[in-house]
Amino acid sequence: MEREDPLHREILEEHARSPLFQGKLEKFSHTGIWQSEKTGNTCKVELVRSESTIETVSYTHLTLPTICSV
């Protein structure tokens, strides 16, 4: 079994306390589904792109995060 990196755990716990970019965009140019290989959590990612720049990005969970108590 792979040992978990303490820094990775710290980042996950901080994100669980204060998620960035969470929510749905009213209008978006691209969308996709992402699944974590480590936890199996799935989320939908939406973004607004203009030319070669990502203007806005957002995500919503499709499965509940598997984080220990935070």
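The length gained by stretching the chain between K24 and K44 to full extension, at 0.36 nm per residue less their Cα-Cα distance, is 6.3 nm.
Heavy-atom accessible area, probed at 1.4 angstrom with all protein chains present, ranks E37, E51, E4 as E37, E51, E4, highest first. Taking the longest Cα principal axis of the chain as reference, the axis of helix 6-17 is set at about 60 degrees. The slack between Q35 and E51, meaning 0.36 nm per residue of separation minus the straight C-alpha distance, is 3.1 nm. Computed with a 1.4 Å probe on the full set of protein chains, the accessible area for L12 sits at about 60 Å². Rounded to the nearest 20, the size of the Cβ-charge dipole of the chain about its Cα centre is 240 debye, with Lys and Arg at +1 and Asp and Glu at -1.
The values are calculated or read from the model by the stated rules, or taken from the named source; none is laboratory data. As the structure is a prediction and not an experimental result, all values here were calculated from the model. As a convention, Cβ positions derive from the backbone with ideal geometry for all residues, glycine included, and neighbour counts pool all protein chains shown. Protein only, heavy atoms only, side chains kept; ligands, DNA and RNA dropped before computing areas. Shrake-Rupley method; radii C 1.70, N 1.55, O 1.52, S 1.80 Å.
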